[in-house]
Amino acid sequence: MFAAVYAAPDDDAPRAVLADALQLAGDPRGELISLQLAPRTVASEQRLKTLLRKPAVMCAPAIWKLLSVKSVTFERGFVARGRLSAHTKTAWRDATGAVEWATVHTLDLGSFAGTGHLDRRRGREIRLRALAFIH
């Protein structure tokens, strides 16, 4: 069911089906998706705040490892925005080409401009990873 969401990231129907299945399984991601698909209320806003206190549970680890946690925004139950942050080679490898990026519509690449504080070799390595990732 996740594959259906990633195959059609602009369609809410697969998200609603996934939300129902996850809620039946007791998975909090189902509630998150349902709440973000529904019209907002004071009660739903409070519940969303609670659910998003530990958002790593709510998304794929492959993309989570490459994002700055404080920059992430969820829309309709999935990561929609975030800022890339230079991490380990493994994180870059796992995130490059990950299907979970399908729901991300805004990605801040600002951390790549901030590699000047690194030594030349390390800065070059990060820029090469960034180019491979973007490609």
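Some notes on this structure:
- Selection of trypsin sites (Lys or Arg not before Pro), region 14-57, meeting DSSP coil and at most 13 other Cβ within 10 Å: Arg40, Arg53
- Of the residues Leu67, Leu107, ranked by 1.4 Å probe accessible area with the largest first, the sequence reads Leu107, Leu67.
- A cut-off under 12 angstrom between Cβ atoms defines the neighbours of Asp20, and their net charge, with Lys, Arg +1 and Asp, Glu -1, is 0.
- Highest-first packing order for the peptide set 74-83, 89-98 is 74-83, 89-98, based on the mean count of other beta carbon atoms within 10 Å.
- Near the amide H of Phe74, within less than 5 Å, lie the amide hydrogens of Ala80, all on another chain or at least 5 residues away, with H placed in the peptide plane.
- Shown for region 1-110: the carbon plus sulfur share of the solvent-accessible area, taken with all protein chains present and a 1.4 angstrom probe, equals 58%.
- Overall form of region 27-89 per C-alpha gyration tensor (a/c, 1.5; a/b vs b/c): prolate
The values are calculated or read from the model by the stated rules, or taken from the named source; none is laboratory data. Predicted, not measured: the structure shown is a model, and the values here were computed from it. Don't worry about glycine lacking a Cβ; one is built from the backbone with ideal geometry, like all the others, and counts go over all protein chains shown. When the accessible area is computed, the model is the full protein with side chains, heavy atoms only, and any ligands, DNA or RNA have been set aside. Shrake-Rupley method; radii C 1.70, N 1.55, O 1.52, S 1.80 Å.
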